[in-house]
Amino acid sequence: MMDKSIFLCLIALAIGAGCQRAGNNSPKRSFPDKPNVLFLFADDQRADALGCAGNTYIKTPNIDELAVQGVRFTNNYVMGGHHGAICAPSRAMLMSGRSLFHVYDKLDGVTTMPKYFADHGYETFGTGKWHNGGATFEASFQQGKNVFLGGMCDHFSVPCRELGPDGKLTTPVKKSYSTDLFADAAIEYLDQYAKGDKENPFFCYVAFTAPHDPRSPRTDYIGMYEQAGIPIPGNFKKYHPFAFDDMQIRDENLAPWPRTPEMIQASLSDYYSLISHMDNRIGDIIETLKKSGLFENTIVVYAADNGLAIGSHGLLGKQNLYEHSMKVPLIIRGPGIPEGEVSDALVYLYDLFPTLSDMCGLSVPEGVDGKVITPIIKGESDSMRTSLFTAYRNTVRAVRTKQWKLIRYPERDYMQLFNLENDPLEINNLAMLPESKSTVDSMTVLLKQWQVATDDTAALTAKSILPLEYNPERFEQNPDVHQPKYTLDRYFTD
């Protein structure tokens with residue numbers, strides 16, 4: 001019988017994951033030994049909700065400028081989630097460098113990315129959303145201000161904690177407004193760092209809660225985008241065409257059924273306003289780096305934890321495996337990084353831990369699943385893998401190559417096949433066509449290989465098959481406790 005490690009290695013080669021750890025073939029670097037790191041992290045931002053991504057309706061000049069100065073990845077993915085709050089497993093994967101089935105939300109006993117940098121001589125600071133437990137924030141950062149523990153809150157009433165001199169988080173005090181709280185905390189930290197001895201480089205982590213709902217922009221940003229002028233997504237639908245998982249999960253309850261173009265335009269108007277406000281404050285953070293003489297030696301990363309539907313495929317949330325929900329922005333700029341480059345390489349968010357370690361002259365940590373994508377950043381390689389795997393609970397699985405994407409719904413015994421080159425919006429399901437059989441078969445084999453390689457034990461066909469039909473006209477819309485009056489009046493009234 002073949003040794004299991006050899007078997008897994010062969011499968012890893014087949015899916016482009018490689019048998020060696022990333023640290024065993026780290027490329028030669030042309031980066032400074034110890035650059036600073038500024039990690040800017042958005043919450044629930046679609047990859048196409050940026051000007052530099054070709055969206056001509058949204059204003060994001062500061063993030064766009066980061067793309068001009070560095071490398072932008074057009075195929076960066078979160079691997080998925082164990083439950084509806086995709087943010088938590090996404091952030092756990094980012095912070096651990098591990099894939100979905102090798103880490104869980106609370107990061108207990110895991111050496112996180114900031115902890116690893118602190119152990120290697122970096123000064124670490126964190127502000128904003130931390131969805132992986134207070135104890136792991138305390139273990140990860142040396143300094144922290146305006147720290148929000150949890151998944152979501154009213155942007156105008158954020159329960160903020162401070163990381164005290166004893167290394168413990170204080171009891172929360174409610175403050176407003178989220179984007180300003182986190183940007184101001186980062187600016188204050190960078191100002192203080194610049195006035196110090198700067199003996200150690202910094203790792204500054206800024207995790208915004210925008211543009212996560214409630215879709216309630218700061219008052220002066222309301223109406224920044226006239227909703228009638230915003231196009232609805234090209235894959236807009238009134239309903240999702242079939243039932244899967246929980247069709248009334250909280251995210252899907254943020255607007256009534258059927259979805260209407262006007263409702264989606266209103267949502268996008270507020271969503272874009274939240275992003276533009278965040279972009280404005282990112283500009284302030286970058287300006288602080290420049291005035292302090294820190295910008296040139298700082299690697300700046302801009303990314304997001306997951307995407308969002310907002311009307312695409314009749315959905316609003318991220319609890320699905322369509323491109324709009326799994327694909328997220330990724331921009332990296334800094335010393336030694338080429339300018340104005342765009343890569344379509346297939347990468348995961350959890351590649352960033354080993355990659356930043358490599359770029360900063362640190363050994364790549366043991367036990368990570370992420371790959372060092374430095375060769376792509378430096379223009380020495382076009383790709384590190386030939387396919388990607390995503391998963392949501394035990395109800396959806398997907399695999400994609402550059403051309404094809406197969407989505408499998410085990411509880412419904414149903415499949416979708418999309419030709420992403422011809423149909424990037426995933427509109428035309430080719431799975432049932434006779435001429436697609438060989439593609440479906442080969443993609444199914446690839447999907448099973450990924451399951452073995454990632455230790456995903458979910459069956460691709462459930463024991464009991466549920467119907468595809470459902471009636472959303474009977475759904476009732478109920479607000480959650482975090483929705484302020486603005487959103488209640490705008491999205492939850494007849």
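Some observations on this one:
- Between D220 and Y104, the contour length at 0.36 nm per residue exceeds the Cα-Cα span by 37.9 nm.
- Note on E380 and F492: their simple-model spin labels are 5.3 nm apart, each label 7 Å out from Cα toward Cβ.
- The lysines whose alpha-carbon is closer than 25 Å to the alpha-carbon of K237, local same-chain residues fewer than 8 away aside, are K318, K327, K405.
- Label-point gap, in nm, between D423 and K195 - each point 7 angstrom along Cα→Cβ: 6.0 nm
- Cα-centred dipole magnitude for the stretch 386-462, charges only on beta-carbon of K, R (+1) and D, E (-1), debye, nearest 20: 100 debye
- Between Q403 and L460, the C-beta separation translates, for a Förster distance of 25 Å, into a calculated FRET efficiency of about 0.70.
- Stretch gain in nm, segment Y470-V68, where the contour uses 0.36 nm per residue and the Cα spacing is subtracted: 140.1 nm
- Shape of the chain, Cα gyration tensor, a/c cut at 1.5: oblate
- The string of couplings for the stretch 393-410 from the Karplus curve (6.51, -1.76, 1.60, θ = phi - 60°) is 6, 9, 10, 8, 9, 8, 9, 9, 10, 4, 9, 10, 9, 10, 10, 10, 10, x Hz, one whole number per residue in order, with x for Gly and Pro.
- Of the cross-linked pairs K290/K378; K168/K198; K59/K174; K371/K437; K378/K402, those separated by over 27 Å at the C-alpha level are K59/K174; K371/K437.
- Extension gain, M432-T171: 0.36 nm per intervening residue step, less the Cα-Cα distance, totals 88.4 nm.
- Distance between the stretch 432-461 and the stretch 253-329 - C-alpha centres, whole angstrom: 31 Å
- Across the stretch 80-96, computed HN-Hα scalar couplings (Karplus, 6.51 cos²θ - 1.76 cosθ + 1.60, θ = phi - 60°) run x, x, 7, 7, x, 7, 4, 3, 5, x, 4, 5, 5, 5, 4, 6, 9 Hz from first to last residue, x flagging Gly and Pro.
- Separation of the stretch 195-241 and the stretch 43-75, taken as the distance between their Cα centroids, equals 12 angstrom.
- Annotation for A135 and A228: the two label points, set 7 Å from Cα along the Cα-Cβ direction, are 5.6 nm apart.
- The Rg/Rh ratio of the stretch 423-494, with Rg taken over Cα atoms and Rh as the Kirkwood radius over Cα pairs, comes to 1.17.
- Evaluating 6.51 cos²θ - 1.76 cosθ + 1.60 at θ = phi - 60° for every residue in the stretch 274-279, the Karplus couplings come out as 4, 5, 5, 4, 4, 4 Hz, glycine and proline recorded as x.
- Assuming charge only on the beta carbon of Lys and Arg (+1) and of Asp and Glu (-1), the dipole of the chain about its Cα centre is about 600 debye to the nearest 20.
- The calculated FRET efficiency for T260 paired with N297, based on their beta-carbon distance and R0 = 41 Å, is about 0.25.
Read the figures in this text as sums done on the coordinates, not as results from a lab. For clarity, every value in this text was computed on a predicted model and none was experimentally measured. A quick note on method: Cβ atoms are made from the backbone with ideal geometry, for glycine too, and the neighbour counts reach across all protein chains shown.
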